[in-house]
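Report on one structure; see the data block that follows.
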Amino acid sequence: MKATAVLLTVALSVALQLALARYTVGGRWLFDLVLVGVVFAALNWGPVAGMLAGTAGGLIQDVLSDDIVGTGGLAKTLIGFAAGLLGTQFDVARPAARAGVVAAASVVHRLLILALRGLIEQHWPGVPWTAILWEMALNSLCALFAFLASERLPGAVARGRQNRRAGIRRRDW
């Protein structure tokens, strides 16, 4: 059951990333919803789920982009494990705290990608801090909405069912 939920989270985040990619500037990634999905899975289901989400999401994203295949998968796998471990060791139950984890993960993820590219290409690229900070802000904002929705949606569905049942009972009398 957990693996299915993790893979559905990855599939949804990849689909959203692809759907919203056309609205980016020049086709570049201004936000990384797959990373948000990886951290979401890691914080909800633990480090192993984070690694599974990171591997699957990162490799899918690598195949769909111009990047070197494997760098995103490795970076997202490490981020998924670290976020899951952080979630088990510390209390990050509130959506704002989880968005903070996504913010830190966004910066570390981008630096890992740059380091892996530098090692593979034998050329250290400059660090585009402005782009990294914008990506961090957008990812954190998307994560905040995702965590708030996941926290409030089940309660809203349950209230809707209760109201529907109460309406049926009233009509029977």
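(1) at positive phi; (2) modelled with pLDDT of 95 or more: which one isn't true of L74, the others all being true?
(1)
Here are T77, T4, T9: which of them is β-branched (V, I, T), within 15 Å of the chain's Cα centre (by Cα) and farther than 22 Å from L133 by Cα?
None of the others qualify; the one that does is T9.
Please identify the pairs in which a residue from region 129-146 that is farther than 10 Å from S106 by Cα and part of a helix (DSSP H, G or I) has its Cβ atom under 7 Å from the Cβ atom of a residue that is at pLDDT below 90 and not aliphatic (A, V, I, L, M), counting only partners at least 6 apart or on another chain.
Pairs found: C142/F31; L144/P95.
Residues of region 70-128 being surrounded by 14 or more Cβ atoms within 10 Å (Cβ to Cβ) and of a type in the set (S, T, N, Q), which ones?
Scanning region 70-128 gives T71, T77, S106.
Has region 34-57 got any residue that is farther than 20 Å from A5 by Cβ and β-branched (V, I, T)?
No, every residue in region 34-57 fails to be farther than 20 Å from A5 by Cβ and β-branched (V, I, T).
Which of the residues spanning region 72-97 are among the polar types (S, T, N, Q) and touching a residue at least 24 places away in the same chain (Cβ under 8 Å)?
T77, T88
Select from region 4-26 the residues that are farther than 16 Å from V63 by Cβ and at pLDDT below 90 and list them in ascending order.
A19, L20, R22, Y23, T24, V25, G26
Have a look at V102, V38, V108, V34 and point out the one that is over 15 Å from V10 (Cα atoms), in contact with a helix residue (DSSP H, G or I) (Cβ under 6 Å, 6 or more places away or on another chain) and not aromatic (F, W, Y).
None of the other options fit; the residue is V102.
Take F147 and tell me if it is closer than 22 Å to G50 by Cβ, buried (at least 19 other Cβ atoms within 10 Å of the Cβ) and at pLDDT below 95.
Against the criterion (closer than 22 Å to G50 by Cβ, buried (at least 19 other Cβ atoms within 10 Å of the Cβ) and at pLDDT below 95), F147 qualifies.
Any residue at all in region 22-32 that's more than 16 Å from C142 (Cα to Cα) and acidic (D, E)?
So far as region 22-32 goes, no, none of its residues is more than 16 Å from C142 (Cα to Cα) and acidic (D, E).
Quick one: is A56 farther than 21 Å from L141 by Cα and crowded, with 22+ Cβ neighbours inside 10 Å?
Yes.
The values are calculated or read from the model by the stated rules, or taken from the named source; none is laboratory data. Computed from a predicted model, the values in this text were never measured in an experiment. All Cβ positions, even for glycine, are placed from backbone atoms using ideal geometry, and neighbour counts span all protein chains on display.
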